[in-house]
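Colleague: I have a structure here, written as structure tokens, and I will follow up with some questions on it.
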Amino acid sequence: MAEQKKPQATGAWPAIRPFVNGGASGMLATCVIQPIDMIKVRIQLGQGSAATVTKNMLKNEGVAAFYKGLSAGLLRQATYSTARLGSFKILTNKAIEANDGKPLPLYQKALCGLTAGAIGATVGSPADLALIRMQADATLPAAQRRNYANAFHALHRITADEGVLALWKGAGPTVVRAMAANMGMLASYEQSSEFFRDSCGLGEASTVLVASSISGFFASACSLPFDYVKTQIQKMQPDAQGKYPYTGSLDCTMKTLKAGGPFKFYTGFPVYCVRIAPHVMMTWIFLNQIQKLEKSVGL
């Protein structure tokens, strides 16, 4: 007797599943990583080392301070990760179909990652702006604080006070950085998963753990040069004659390359990697678990 085929999912679910799974995994990862991210923001704002920031936050603001801006972080993942991971899955599936079902070469995965990163960053930029403002709010003088109640209140206030286009303030550099980060993250995960699963014979759990670690590393490595240039532009000060050291991102890139060589762009890489990699790893681990759960219940 011929083996009965399992019924295929029908309706809208197969189309929206990659987006739902991507958003859910990103949101779960954010819940785990949010305290680390909050400490990172305070360090960047000049409040001291990680130990000092943690001690002061616990003493002065309590445990809840570590989750300040969580609603914006979750909204960001609900938009950014939903769009980028869902788009990447759709793009790679279409590319595999065009490739007669054969595995994609690395450059095609990279192109899919670039495109998915641009889509995700464009969709997620308003929530990213709300997140940054909410996290930084407590560090401002009382008179300058915006006192957003939650992410949706922040988006409403920004739109009302500054106009709709203000929601995408600074989106250009953010999109470019996201394209680089997602090219590294998404392509390296797919490539390393295939290698360790098919060539090395690792089990599912080991493959996900190793591949997600590699993905976190390459997401950091691909995005740091863009982050470095963005930081240099943001913090530059005029000289005595009122002239700035750089006229723009391209000028900063060329002068940095000439003065310090390509490795100058990787100044502070270990710290940057510790910031970026954990969220990437947790996202892939949660995504794998969500997919296993769906499979077990027949979705």
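The values are calculated or read from the model by the stated rules, or taken from the named source; none is laboratory data. It should be emphasised that the depicted structure is a prediction, and the values quoted were computed from it without experimental measurement. Cβ placement follows ideal geometry from the backbone for every residue including glycine, while neighbour counts extend to all protein chains displayed. Heavy atoms of the whole protein, side chains included, go into the accessibility calculation; ligands, DNA and RNA do not. Shrake-Rupley method; radii C 1.70, N 1.55, O 1.52, S 1.80 Å.
Colleague: At 25 °C and a viscosity of 0.890 mPa s, what translational diffusion coefficient does Stokes-Einstein give for the range 87-182, taking Rh as the Kirkwood radius over Cα pairs? Give it in µm²/s as a whole number.
Modeller: Taking Rh from Cα pairs, D becomes 159 µm²/s.
Colleague: Can I ask one more? Stick to the Cα atoms of the range 61-106, pair each with every other, and give me the Kirkwood hydrodynamic radius in Å at one decimal.
Modeller: Here the Kirkwood hydrodynamic radius works out to 13.2 Å.
Colleague: Where does the chain land at 222 nm, in deg cm²/dmol rounded to the nearest 500, when only DSSP H runs of n ≥ 4 count, each adding -39500 (n - 2.57), divided by all residues?
Modeller: -25000 deg cm²/dmol
Colleague: Got a number for carbon plus sulfur as a percent of the chain's accessible area, 1.4 Å probe?
Modeller: The nonpolar share, carbon plus sulfur, comes to 64 percent.
Colleague: Here is a follow-up. Tell me, in nm to one decimal, what length is gained between Thr139 and Val20 on full extension, where the rule is 0.36 nm per residue of separation less the Cα-Cα distance?
Modeller: Contour length minus the Cα-Cα distance gives 39.4 nm.
Colleague: How many nm is it between the label spots at Glu61 and Gln47, if each spot is 7 Å from the Cα in line with the beta carbon?
Modeller: Here the modelled spin labels are 0.4 nm apart.
Colleague: Taking the highest mean first, how do the peptides 110-116, 31-37, 246-252, 96-102 order by number of other beta carbon atoms within 10 angstrom per residue?
Modeller: Ranked by mean Cβ neighbours within 10 Å, highest first: 110-116, 31-37, 246-252, 96-102.
Colleague: So, one more: If you project the alpha carbons of the range 4-112 onto the principal axes, what extent comes out on each, in Å, largest first?
Modeller: Projected onto its principal axes, the Cα set of the range 4-112 covers 61, 32, 23 Å.
Colleague: Continuing with this model, one more query. Could you order peptides 76-82, 223-229, 213-219, 60-66 by the average number of other Cβ atoms within 10 Å of their residues, highest first?
Modeller: 76-82, 213-219, 223-229, 60-66
Colleague: What order, most packed first, do the peptides 143-150, 164-171 have when packing is the mean number of other Cβ atoms within 10 Å of each residue?
Modeller: Those peptides, ordered most packed to least, come out 164-171, 143-150.
Colleague: What distance in nm separates the two pseudo spin-label positions at Ala205 and Arg157, each 7 Å out from Cα along the beta-carbon direction?
Modeller: Simple spin-label model gives 4.6 nm for this pair.
Colleague: Output the Cα-based Rg and Dmax of the chain in Å, rounding Rg to one decimal and Dmax to a whole number.
Modeller: 21.1, 87
Colleague: Once you place label points 7 Å from the Cα toward the Cβ at Glu294 and Ala149, how far apart are they in nm?
Modeller: 3.5
Colleague: Taking a ≥ b ≥ c as the square roots of the Cα gyration tensor eigenvalues, with a/c under 1.5 meaning rounded and otherwise prolate when a/b beats b/c, else oblate, which class fits the range 22-78?
Modeller: Because a/c hits 1.5 or more and a/b exceeds b/c, the range 22-78 counts as prolate.
Colleague: How big, on average over all directions, is the shadow cast by the Cα convex hull of the range 259-299, in nm²?
Modeller: Value for the range 259-299: 3.8 nm².
Colleague: Cα atoms only: what Rg and Dmax, in Å, come out for the range 133-289?
Modeller: Just the Cα atoms of the range 133-289 yield Rg and Dmax of 19.9, 64 Å.
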